[in-house]
Every structure is written in structure tokens, then in C-alpha cells.
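Rule-based calculations on the coordinates, nothing more; no lab input. Since the model is a prediction, treat every value here as computed from it, not as a measurement. FYI the Cβ positions are ideal-geometry reconstructions off the backbone, even for glycines, and counts take in every protein chain you see.
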Amino acid sequence: MEWMYKNIKIVVYSDGSFVFKYKDSEYTYYSLREAKGKIDSLVSEYYTFTQKDMNKLMKKLDNREKDLVRSLYQEIDKHTNNAYCGIGICDEDWSWEWDFNK
């Protein structure tokens, strides 16, 4: 069995271990939680979108595009941890560390 997590393929070996490769290194863990935790720490810089990243992105957009991106983010933000939302946010790869209203 194998699947992708944050663009890294995790393979389950017959002994029940979870193995993945990242930058010429191979990692082995005996629980999926541990393997995902290690992947999270290895790729955290890439998957953390900071205020600096947002400022850089917004400078590239015209006013109409900025309004669209703001409205999309605000719509998604309403679903995050919302008890009334049936499905919530399913893609939890990214960590959003910025204030969109700035």
C-alpha cells in the first residue's frame, strides 16, 4: 500500500512500517502518525504561508485579482473549525500564518 502526503510517497512495508524518502534520505516509522509528523517537520517551511509570502503575492496582483483572492480566503476561513459546516476544511497541508485583511 502507498499514498502521497504533501507530495511525498509513503509506502507501507509488509512488516507494518511506514517508509518514505526525502532529499536522498530514507525514513522509517512504525506508525502513520509518526511518519506524517516527520514529513510535517521536514516540509514545514514550504507549507507555511506567512505574512511576508502573502505580501509578495498580493503585490503581483491587480485590485480585481486581490479582491477575488481575499473573498476566496474569507469564504474558506468561515468553514475552518465551524461546527455548522458539514465537511469543514479537508486539505490540511498548509499552515496559514498571515492576516488576510492587512
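The distance between label points at Asp67 and Ser95 comes to 3.4 nm (points 7 Å beyond Cα on the Cα→Cβ vector). Measuring nothing but how far apart in sequence close Cα pairs (under 8 Å, 6+ apart) lie, relative to its length, region 11-91 scores a relative contact order of 12 percent.
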